[in-house]
Protein chains: 2
Amino acid sequence: MDFSFEVLKTDPSGARLGRLTTPHGVIETPAFMPVGTAASVKALTQNALEELGAGIILANTYHLYLRPGHELIRKLGGLHAFMSWHRAILTDSGGYQVFSLADLRKITDEGVRFRSHLDGSEHLLTPEKAAEIQLALGSDIAMVLDECIETPARREVAEAAVKRTTAWAGRARKYFEEFASRNGNPPQWQFGIVQGATFADLRRESARQLLDLNFPGYAVGGLAVGEPHELTCEMTAEATALLPTEKPRYLMGVGQPEQIPDYVARGIDMMDCVLPTRAARHACLYTSEGRVLIKNARYIEDQRPIDPHCKCAVCKRYTRAYLRYLFAAKEITAAILATHHNVQFYLDIMRQVREAITFGQLGNFTAELRARYLAGPA
Amino acid sequence: MDFSFEVLKTDPSGARLGRLTTPHGVIETPAFMPVGTAASVKALTQNALEELGAGIILANTYHLYLRPGHELIRKLGGLHAFMSWHRAILTDSGGYQVFSLADLRKITDEGVRFRSHLDGSEHLLTPEKAAEIQLALGSDIAMVLDECIETPARREVAEAAVKRTTAWAGRARKYFEEFASRNGNPPQWQFGIVQGATFADLRRESARQLLDLNFPGYAVGGLAVGEPHELTCEMTAEATALLPTEKPRYLMGVGQPEQIPDYVARGIDMMDCVLPTRAARHACLYTSEGRVLIKNARYIEDQRPIDPHCKCAVCKRYTRAYLRYLFAAKEITAAILATHHNVQFYLDIMRQVREAITFGQLGNFTAELRARYLAGPA
């Protein structure tokens, strides 16, 4: 068996300690997946990611389909070989990017017609096409194409999107299973995505409908897109309450550092977020004492590391004063060092979360993280 | 003794194998110094530089004086502490940058008045000021302020610049020696700079005049700025013929990979150049088979490493196809990987040069490097 998922311990809160086995390594869960949109986690080398202990990263189907093209990546041996990353990869379906980046998109039951944000060329992304692209990429975990809608959404819009997402999930599942068995493809898992905006009953309906398709894992999508954090948690809980306990659950695109344990407590096993990498490039550093906006003049002579409690290579070596200066001087190395630290910070939160679950201390850890983090930097 | 220089072997060509001892480590010469203009070798972390084996880097006085300011760096413990680089550092005098970057510069015997390219503020750089800044930075090797002129230069202009450069060198030497002995400064060496444009007799005159000031080392400046390579070599030879054999010689701002052994054969021990780092950011990769312009479509499916003969971390892990793609996608990691490889290539040429001198094979090595390098990539 190339793939398996095992829940090692469940906390009274609902948090789960688990182990996801893939052909590209074993991932302790709850796990954070750094985002490598275009087959590169921006400003980090693959060596750095290994050093940081990332076991799985996310890559974007939309971007890789448009450039360099999935057929090229297939020809060059798949995404792992192409980018020389031999740990696990999850690819999204491209749906979210089509809805947020592409021009002139038109949604029908068939799929989404859109123009590339790169060169204006026209494309049709269908559930089958999204599956085909991801099979070519050869990621460990592929996602089905879902319909992403703007929030807040009217109920009718959300209802229609759930219906279409389920229909698309069925087609994606069929295509994926046929293709995967027909060819000598590397083993791959495909996850379904629960939608339903902020309507509890639609979330439940979406989850129930997807269960029939028997995915090896389920994601919760369309959340943390502007709604209050409590509502994100509530919707997540509605979905996870119905999802099979023996399968991994992935909450897409979250979140702020202090929110992570809340999602874990709703039974989430996997998360991804651009925040640590994107914020790093904008001089926002995450620390155990809150966000450090390193361009601030208060750090000009600050000889402390970014985070006195951090064990990363950047905190071991460099001062806030130097980091601040590198950003002021617009040096590339600023992005490299800041990204390294921020990814370490997120991966470390997850390590602490797993430890807290092990010792039945998730509640305490959550309270402590929030208190320390929201207090702000010294 | 914190500083020393020892010539271990001299080749019939004039090439020297040496050892430069500094308070921040021993450097085997001939040595290449990667350029860290603004206290950062662009796109490389200090860890990466150590991994690559760089024993000494160059930093720019002009840039650091304007931002973050030498007084701040002094306060934070000097440049080594500021940037957390504990191997050797050579700082230029700022002269070249004032002449090439600053606005509205006006040269008098006193010094150079100029406006900052950053904010238009007015500054006066004198020989004393350039020495003061570098004493504050606490680099291992400081350079005197020299007058840099445009080339080709008329004889009268070159003659006047030599005269002024000598006068300034005298003032810089005096200031440096007084200050260095008066304060509890870290040990530091100061080098003089031979000027004289492309006039052999002026080069000799400049060298002779500087000898009286008894610098611990000498640089040859104002070369490789557009004149033919043969002329650069000839002018270099004019200077080194007069410079004391027991002191290190540094040829500033060179050069193309295939030219490096020629300078070594003229008795040069140290070189610096922005080429490997700057070219890397522009997708130009140096290899044992010549320059690889990695954006070229011929590399789209090329699964070979950048340089099959290179042992660097980038060549061990990534393909040309991936590098090409990263540049096409404008990923930051493209600059990181390309710079890493190019710096390795330059440092490796120097390792091979030193080995060739050891075995009396510099002539063969030079011919082979040129033949292989200029043949161009497969």
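The values are calculated or read from the model by the stated rules, or taken from the named source; none is laboratory data. In this text the structure is predicted, and so the values were computed from the model without any measurement. Because the Cβ atoms are built from the backbone with ideal geometry, glycine has one as well, and the counts that use them run over all protein chains shown. For the accessible areas, the whole protein counts, side chains as well, though only heavy atoms, and no ligand, DNA or RNA atoms are used. Shrake-Rupley method; radii C 1.70, N 1.55, O 1.52, S 1.80 Å.
Would any residue of segment B:243-275 have its amide N under 19 Å from a label point 7 Å out along Cα→Cβ of B:Ser4? List them or say none.
B:245-249
Of all beta bridges DSSP finds with both residues in segment B:42-145, what is the antiparallel percent, to the nearest 5?
Details: 7 of 13 bridges.
Counting only bridges with both partners in segment B:42-145, antiparallel ones make up about 55 percent.
Using θ = phi - 60° and the Karplus relation 6.51 cos²θ - 1.76 cosθ + 1.60, list the HN-Hα couplings for segment B:89-101 in order, rounded to whole Hz, with x at every Gly or Pro.
Ordered by residue, 3J(HN,Hα) equals 9, 10, 10, 6, 8, x, x, 4, 5, 4, 6, 9, 10 Hz.
Would you tell me the mean number of C-beta atoms belonging to other protein chains that fall within 10 Å of each C-beta in B:123-132, as a whole number?
Numbers: counts 0, 0, 0, 0, 0, 0, 0, 0, 0, 0.
Taking the mean over all residues of the peptide, I get 0.
Ignoring any ligand, DNA or RNA, what whole percent of the accessible area of segment A:79-149 comes from carbon and sulfur when the probe is 1.4 angstrom?
Details: 1110 of 2370 Å².
After summing per-atom areas, the C and S share lands at 47 percent.
Going 7 Å from Cα along the Cα-Cβ axis for the label, what nanometre distances separate A:Gly53 from the same residue across the other copies?
Listed shortest first, these distances are 3.3 nm.
How well do other chains shield peptide B:110-119, expressed as the mean number of their Cβ atoms within 10 Å of each residue Cβ? Provide the component values of the computation, followed by the final result.
Values: counts 0, 0, 0, 0, 0, 0, 0, 0, 1, 0.
Across the residues of B:110-119, the mean count of other-chain Cβ atoms within 10 Å is 0.
Post the alpha-carbon centroid distance, segment A:198-243 to segment B:35-54, in whole angstrom.
One Cα centre to the other: 47 Å.
Treating only the Cβ of Lys, Arg, Asp and Glu as charged (+1, +1, -1, -1), what charge dipole size does the protein assembly as shown show about its Cα centre? Round to the nearest 20 debye.
On the way: 86 positive and 86 negative charges, 30 e Å.
Charge dipole of the protein assembly as shown: 140 debye, to the nearest 20.
Would you mind calculating the relative contact order of chain B from Cα pairs under 8 angstrom and at least 6 residues apart, reporting the percent as a whole number?
Numbers: 742 pairs, mean separation 61.7, N = 378.
In percent, rounded to a whole number, it is 16.
Mind listing the phi-derived Karplus ³J(HN,Hα) values for segment A:301-313, rounded to whole Hz, using 6.51, -1.76 and 1.60 with θ = phi - 60°, and x for any glycine or proline?
10, 7, 8, 7, x, 3, 9, x, 9, 9, 9, 6, 4
For the peptides A:97-106, A:241-250, what is the packing order when you average, over each peptide's residues, the other Cβ atoms within 10 Å and list the highest mean first? Could you put the intermediate results ahead of the total?
Numbers: A:97-106: 16.1, A:241-250: 18.4.
Ranking the peptides A:97-106, A:241-250 by packing returns A:241-250, A:97-106.
Leaving out ligands and nucleic acids, note down the accessible area per residue over chain A with a 1.4 angstrom probe, in whole Å².
On the way: 14090 Å² over 378 residues.
Per residue, chain A has 37 Å² of solvent-accessible surface.
Among B:Lys75/B:Lys129; A:Lys106/B:Lys330; A:Lys129/B:Lys295; A:Lys316/B:Lys42; A:Lys330/B:Lys316, which pairs are too far apart, with a Cα-Cα distance over 22 Å? List each step's numbers first, then the result.
Values: B:Lys75/B:Lys129 17 Å; A:Lys106/B:Lys330 29 Å; A:Lys129/B:Lys295 29 Å; A:Lys316/B:Lys42 20 Å; A:Lys330/B:Lys316 30 Å.
In this structure, A:Lys106/B:Lys330; A:Lys129/B:Lys295; A:Lys330/B:Lys316 exceed 22 Å between Cα atoms.
When the Cα atoms of chain A are enclosed in a convex hull and the volume is divided per residue, what value in Å³ results?
Numbers: hull volume 50.6 nm³, N = 378.
Cα-based convex hull of chain A, divided per residue, equals 134 Å³.
In the protein assembly as shown, what percentage of the DSSP-assigned beta bridges are antiparallel, given to the nearest 5? Working shown, then result.
Values: 44 of 90 bridges.
The antiparallel fraction comes to roughly 50 percent.
How high is the relative contact order of segment B:46-97? Use alpha-carbon pairs under 8 Å, at least six apart in sequence, and give a whole percent. Please list the in-between numbers first.
Details: 40 pairs, mean separation 27.4, N = 52.
It rounds to 53 percent for segment B:46-97.
Percentage of Cα-Cα pair distances in segment B:72-180 greater than 20 Å, rounded to whole percent? It would help to have the intermediate numbers written out before the result.
Details: 2652 of 5886 pairs.
Considering segment B:72-180, 45 percent of its Cα-Cα pairs are separated by more than 20 Å.
Going toward the positive end of the dipole of segment B:147-305, with +1 on Lys and Arg Cβ and -1 on Asp and Glu Cβ, which of B:Ala239, B:Tyr175, B:Ala161 do you reach last?
B:Tyr175
I need the inter-copy label distances for A:Asn296: point set 7 Å along Cα to C-beta, values in nm with one decimal, smallest first.
For A:Asn296, the inter-copy label distances come out at 5.1 nm.
Between segment B:326-344 and segment B:112-178, what's the alpha-carbon centroid distance in Å?
What the calculation gives is 35 Å, centre to centre.
Lys/Arg Cβ at +1, Asp/Glu Cβ at -1, dipole of segment A:129-261 taken about the Cα centre: which of A:Gly217, A:Ala131, A:Ala197 is farthest positive-ward?
The residue sitting most towards the positive pole is A:Ala131.
For A:Phe191, which sequence-distant residues (separation of 5 or more, or a different chain) have an amide H within less than 5 Å of its own amide H, given hydrogens modelled in the peptide plane?
A:Ala142, A:Met143, A:Val144
Rounded to the nearest 100 Å², what is the sum over both chains of accessible area buried where A meets B, with a probe of 1.4 Å? Intermediate values should be presented prior to the final figure.
On the way: alone 15810 and 15840 Å², together 28200 Å².
The A and B chains share an interface burying roughly 3400 Å².
How large is the dipole of chain A about the Cα centre if only Lys and Arg carry +1 and Asp and Glu carry -1, each at its Cβ, rounded to the nearest 20 debye?
Working: 43 positive and 43 negative charges, 171 e Å.
It works out to roughly 820 debye.
Given H placed on each backbone N at 1.01 Å, which residues far from B:Val254 in sequence or on other chains put an amide H within less than 5 Å of it?
Those lying under 5 Å, H to H, from B:Val254 are B:Asp272.
Label-to-label distances across copies for B:Pro186, with labels 7 Å out along Cα→Cβ, in nm, shortest first?
Nearest first, the other copies' label points are 4.7 nm away.
Provide, for q = 0.13, 0.14, 0.23, 0.25 Å⁻¹, the log10 of I(q)/I(0) from a solvent-free Debye sum over equal Cα point scatterers in segment A:171-232.
After summing over all Cα pairs, the log10 values are -0.45, -0.50, -0.93, -1.02.
Please average, across the residues of A:328-338, the number of beta carbons from any other chain that are within 10 Å of each residue's own beta carbon, and give a whole number. Please list the in-between numbers first.
Working: counts 3, 10, 1, 8, 10, 13, 1, 4, 9, 3, 0.
Going residue by residue through A:328-338 and averaging, the value is 6.
Relative contact order of segment A:1-66, please, whole-number percent, based on alpha carbon pairs below 8 angstrom and at least 6 residues apart. It would help to have the intermediate numbers written out before the result.
Working: 83 pairs, mean separation 16.4, N = 66.
About 25 percent, as a whole number.
May I ask you to order A:67-80, B:83-96 by the average number of other C-beta atoms within 10 Å around their residues, highest value first? Spell out each step's value before the answer.
Working: A:67-80: 18.3, B:83-96: 24.0.
The peptides rank, most packed first, as B:83-96, A:67-80.
Semi-axes of the equivalent ellipsoid for segment B:180-280, please: Cα gyration tensor eigenvalues, times 5, square-rooted, ordered largest first, whole Å. Don't jump to the answer; show the numbers that get you there.
Working: eigenvalues 114, 68, 25 Å².
After diagonalising the Cα gyration tensor, the semi-axes are 24, 18, 11 Å.
Enumerate the amide H contacts of A:Lys42 below 5 Å, restricted to partners 5 or more residues apart or on another chain; note that Pro and chain-start residues carry no placed amide H.
Close amide H contacts, sequence-distant or interchain: A:Thr37.
Rounded to the nearest 5, what is the percent of antiparallel bridges among the DSSP beta bridges in chain A? Before the final figure, lay out each step's value.
On the way: 22 of 45 bridges.
Beta bridges within chain A, antiparallel portion: roughly 50 percent.
With charges set only on the Cβ (+1 for Lys and Arg, -1 for Asp and Glu), what does the dipole of segment A:224-378 come to about its Cα centre, in debye to the nearest 20? Write out the running numbers ahead of the final one.
On the way: 19 positive and 17 negative charges, 159 e Å.
Result for segment A:224-378 is approximately 760 debye, rounded to the nearest 20.
Along segment A:244-260, what does the Karplus equation 6.51 cos²θ - 1.76 cosθ + 1.60 (θ = phi - 60°) give for ³J(HN,Hα), rounded to whole Hz, x for Gly and Pro?
Coupling constants for segment A:244-260: x, 5, 7, 10, x, 10, 10, 9, 7, x, 10, x, 5, x, 6, 8, 4 Hz.
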